[in-house]
Amino acid sequence: MDVRRRPSKALRPAPKEPSSAPEPTGAKASDALPLPLYFTNALFFTLFFSVAYYLLLQWRDKIRNSVPLHVVTFSELAAILSLIASFIYLLGFFGIDFVQSFIARASNEAWDLIDEEEGEDHRHRLMSCSPSIADHIIPAVSSAEDEEIVDLVVKETIPSYALEEQLGDCKRAVRIRREALQRITRRSLQGLPLDGFDYGSILKQCCEMPVGYVQIPVGIAGPLLLDGFEYIVPMATTEGCIVASTNRGFKGIYASGGATSTILRDGMTRAPVVRFPSASRACHLKFFLDNPSNFQTLADEFNKSSNFARLQGVQCSIAGKNLHMRFSCTTGDAMGMNMVSKGVENVLAYLRNEYPDMDIISISGNFCSDKKPAAINWIEGRGKSAVCEAVIKEEVLKKVFRTNVATLVELNMLKNLAGSAVAGALGGFNAHASNIVSAIFIATGQDPAQNVESSHCITMMEAVNDGKDLHISVTMPSIEVGTIGGGTQLASQSACLDLLGVKGASKEVPGANSRLLAKIVAGSVLAGELSLMAAIASGQLVQSHMKYNRSTKDVSKVGS
C-alpha cells in the first residue's frame with residue numbers, strides 16, 4: 001500500500017523566495033523558447049498592453065459613432081487573438097509558479113500549526129495522513145488505515161460529516177462512521193444492515209451521515225382496475241393486514257367493473273411572508289397582487305426558474321403589517337417544492353424593486369402549508385387534487401366483503417362523517433387513508449412527511465340502483481407526489497415506480513406520470529377504505545389483526 005508520509009521539518013521544501021538572480025543554466029522548459037527568456041517576457045508584456053490599449057480606443061470610437069461592438073475589422077480580430085495569446089502565456093508562466101509557491105508555503109504553515117497545538121505525539125499519529133488546507137485543519141484520510149481513521153473520528157480530529165469527501169469512497173465512509181458511532185455510544189448496530197446499498201446514490205441529496213439503511217418489506221396488491229387499465233401497486237409497510245386488506249378491496253373493485261378517477265387540480269404551493277412599516281403598505285401590495293392586469297408580469301418573473309414551472313395564481317392574506325402570499329404553480333412530473341421556491345424567489349426580487357420598504361421575513365410563512373394539517377390545503381388543495389369512485393355490486397359485497405349496502409352506508413355516516421366531526425377532524429373524514437398513502441409513498445420514494453396533507457380524504461358511500469349497489473368515492477385534495485427527483489431516483493424506489501409504469505418524466509405530456517401516480521394513490525385508498533369498512537361492518541377487524549399482526553415469532557434473531 002502506498003502510504004504518503006509527512007516530511008520532517010528538515011526535509012520539507014522551504015518556501016520559494018522571489019529573486020532577481022538569473023536562472024542557473026541547465027535543461028529546463030524555458031530553453032525550448034526561440035529567444036532569451038527575458039526578451040520573450042518583455043515581448044508578451046508589450047504585446048498584451050499595446051493590443052489592449054488599441055482595442056479600447058477602437059471600441060470607444062465605435063460607441064461614439066453608434067457602431068455595433070460585435071462588428072470587427074481584420075485588424076481588430078488580429079488584436080483580439082494577440083491579446084488572448086499573450087494572456088495565456090503570461091498566466092502560464094507566472095500563474096503556475098505563484099500557485100506552487102503558495103501551496104508549499106500553506107502546507108508548511110499548516111504542519112507548523114499542528115506541531116504547536118497538538119504536540120509531537122499527535123504529529124506521529126497523523127504521519128500517514130496527507131495535509132489538507134480548509135477552513136480548519138483536517139488531515140486527509142484517503143490513504144490511512146481504517147482503524148486509525150476511526151480513532152481520529154472518535155477524537156473529533158476528523159468530522160464525521162466530512163468522511164465521504166475526505167475518503168472519496170462512500171461505503172468506506174459509512175463503515176468508518178458506523179464503527180466510530182458504536183465506540184462512542186458503546187452500543188451495537190449489528191442489526192442495522194450495511195451491505196447491499198448504493199451510498200453514492202444518496203450523497204448530497206437524500207441523507208447525510210448514513211450508518212446503514214432500514215429494511216421495510218414491500219408487498220404488492222392488485223390488480224387495480226382504474227380507468228380501464230390494470231396496475232400492480234407496491235406498498236412498503238411494517239403493519240400487518242394493510243396489503244392484504246387493500247388487495248381485497250382491489251378484488252372487489254375489479255369484480256364490479258373497476259374504478260374511475262379524475263384530477264381536479266394540479267399545483268404545488270409556496271407561501272412567503274413579508275413585512276411592511278404599516279398595514280396600509282401591506283394592503284397596497286395585496287391589491288397589486290390581486291389585480292389581474294399584473295398577473296402576467298408576475299408570471300414572467302416566476303416562470304424564469306424552470307421550463308416546467310408555470311404560475312397559476314397568488315392568494316394573499318393580511319396579518320397586520322405582514323402579508324402572506326400563497327403562490328401556486330405546475331411542476332411537471334416533479335413534486336415541485338424546490339421548483340416553486342425558486343420561482344417565488346424571482347418574484348420577491350422583482351417586488352423588492354417595486355416596494356423597497358418590503359422586508360422579506362421567510363421564503364415559507366406556513367400559508368403553503370407543507371407537512372402540517374391545514375384547512376387551506378383541505379379547501380384549496382395542494383399538489384394533485386383527485387377524486388376516485390366505483391360502484392360495488394350487491395353480489396360482490398356479499399361474496400367478497402360479507403356485508404351489505406345499508407350496513408356500510410350507515411357505518412360510513414356514523415364513523416367517517418359524524419365521528420370525525422365530533423373529533424374535530426381536519427381532512428380526516430375517512431377510515432385509514434393514511435395507511436395506504438404512507439405505504440405507497442415509502443415504496444415509490446415520495447417524502448413520507450407529506451403524508452400529513454396527502455392523506456386528507458373524505459370517504460362517501462350511498463346506495464344506488466334501487467338500493468342494491470354501493471357507490472363509494474374518495475376525494476383527496478392534497479396528494480403531493482412526483483416521479484422524478486428526491487428519493488424516486490434510488491434503485492428500489494425507481495423499480496417500484498417502473499412497476500406502476502410511471503418511472504421518470506413523461507416525454508409525451510409533462511406531468512402525466514405524476515398525475516397518474518396520484519390517481520393510483522386515490523384508487524388504492526378507495527380499495528383500502530372499502531375493505532376496512534367492510535371488515536368493521538362484518539366484525540372481522542379484530543380477527544384479521546390477530547391473525548396477521550400479532551405473530552408470536554421472535555424476529556429479533558432473524559439475520560440482517
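The values are calculated or read from the model by the stated rules, or taken from the named source; none is laboratory data. Computed from a prediction, not measured in an experiment: that's the story for all the values here. Neighbour counts are summed over all protein chains in view; Cβ atoms, including those assigned to glycine, are modelled from backbone coordinates with ideal geometry. Just so you know, the surface numbers come from the protein's heavy atoms only, side chains and all, with ligands and any DNA or RNA stripped out. Shrake-Rupley method; radii C 1.70, N 1.55, O 1.52, S 1.80 Å.
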key: Verdict on Phe250 being farther than 28 Å from Lys372 by Cβ, free of Cβ contacts under 8 Å to residues at least 24 places away in the same chain and either among the aromatic types (Phe, Trp, Tyr) or surrounded by 20 or more Cβ atoms within 10 Å (Cβ to Cβ) (or both)   = no
ask   = Can you spot a residue in region 198-210 that is touching a residue at least 12 places away in the same chain (Cβ under 8 Å), assigned to a loop (DSSP other than H, G, I, E, B), in contact with a strand residue (DSSP E or B) (Cβ under 7 Å, 6 or more places away or on another chain) and open to solvent by 60 Å² or more (accessible area, probe 1.4 Å)?
value = no
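Every residue, every condition in (1) farther than 21 Å from Arg265 by Cβ; (2) surrounded by fewer than 18 Cβ atoms within 10 Å (Cβ to Cβ); (3) without any contact (Cβ under 8 Å) to a residue 12 or more places away in the chain, yes or no:
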position	(1), (2), (3)
Ser293	yes, yes, yes
Ser317	no, yes, no
Leu323	yes, no, no
Asn338	no, yes, no
Asn353	yes, yes, yes
Cys368	no, no, no
Lys372	no, yes, no
Extreme residue, farthest from the chain's Cα centre (by Cα), among residues of region 461-486 that are open to solvent by 20 Å² or more (accessible area, probe 1.4 Å) and under 26 Å from Asp370 (Cα atoms) = Thr475
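Take the residues in region 431-460 that are free of Cβ contacts under 8 Å to residues at least 24 places away in the same chain and closer than 20 Å to Ser385 by Cβ, then tell me which one is least open to solvent (accessible area, probe 1.4 Å).
Asn451
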query = Among the residues of region 227-238, is there at least one that is within 24 Å of Asp447 (Cβ to Cβ), in contact with a strand residue (DSSP E or B) (Cβ under 8 Å, 6 or more places away or on another chain), open to solvent by 80 Å² or more (accessible area, probe 1.4 Å) and modelled with pLDDT of 95 or more?
reply = no
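With Ile103, Ile88, Ile133, Ile137 as the choices, which residue is open to solvent by 90 Å² or more (accessible area, probe 1.4 Å), assigned to a loop (DSSP other than H, G, I, E, B), more than 22 Å from Tyr213 (Cα to Cα) and at pLDDT below 90? Spell out the reasoning first.
Details: Ile103 fails: assigned to a loop (DSSP other than H, G, I, E, B); Ile88 fails: assigned to a loop (DSSP other than H, G, I, E, B); Ile137 fails: open to solvent by 90 Å² or more (accessible area, probe 1.4 Å).
Going through Ile103, Ile88, Ile133, Ile137 in turn, just one is open to solvent by 90 Å² or more (accessible area, probe 1.4 Å), assigned to a loop (DSSP other than H, G, I, E, B), more than 22 Å from Tyr213 (Cα to Cα) and at pLDDT below 90: Ile133.
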message = Can you go through Pro223, Pro277 and tell me which one is in contact (Cβ under 8 Å) with a residue 12 or more places away in the chain and surrounded by 15 or more Cβ atoms within 10 Å (Cβ to Cβ)?
response = Pro223
ask   = On the given criteria, is Gly212 farther than 25 Å from Arg515 by Cβ and touching a Leu at 6+ places or on another chain (Cβ under 6 Å)?
value = yes
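To keep it simple, each residue is scored yes or no on (1) closer than 30 Å to Ile436 by Cα; (2) assigned to a helix (DSSP H, G or I).
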| site | (1), (2) |
| --- | --- |
| Tyr161 | no, yes |
| Ile184 | no, yes |
| Arg187 | no, no |
| Asp195 | yes, no |
| Val214 | yes, no |
| Gly249 | yes, yes |
task = Kindly establish whether Val344 is open to solvent by less than 40 Å² (accessible area, probe 1.4 Å), part of a helix (DSSP H, G or I) and at pLDDT 95 or above.
result = yes
inquiry  = For Asp151, only one of the following conditions fails: (1) at pLDDT below 85; (2) outside any loop (DSSP other than H, G, I, E, B). What is its number?
reply    = (1)
task = Please tell me if Ser245 is at pLDDT 95 or above, crowded, with 20+ Cβ neighbours inside 10 Å, small (Gly, Ala, Ser) and closer than 17 Å to Cys388 by Cα.
result = no
request  = State all residues of region 275-315 that are at pLDDT below 95, part of a loop (DSSP other than H, G, I, E, B) and either under 15 Å from Met325 (Cα atoms) or polar (S, T, N, Q) (or both); if no residue qualifies, say none.
outcome  = Ser306, Asn307
query = In region 253-274, what residues are among the aliphatic types (A, V, I, L, M) and open to solvent by less than 20 Å² (accessible area, probe 1.4 Å)?
reply = Ile253, Ala259, Met268, Ala271, Val273, Val274
task = Name the residue, out of Glu508, Glu480, that is at pLDDT below 95 and within 20 Å of Ala309 (Cα to Cα).
result = Glu508
note = Of the residues in region 371-423, those that are at negative phi and either among the basic types (Lys, Arg) or assigned to a loop (DSSP other than H, G, I, E, B) (or both) number 14
message = Please go through (1) among the polar types (S, T, N, Q); (2) surrounded by fewer than 20 Cβ atoms within 10 Å (Cβ to Cβ); (3) modelled with pLDDT of 95 or more for Gln489 and return the number of the only condition it doesn't satisfy.
response = (3)
remark   = Sole miss for Tyr355 among (1) closer than 14 Å to Ala534 by Cα; (2) in contact with a Phe, Trp or Tyr (Cβ under 8 Å, 6 or more places away or on another chain) is condition (1)
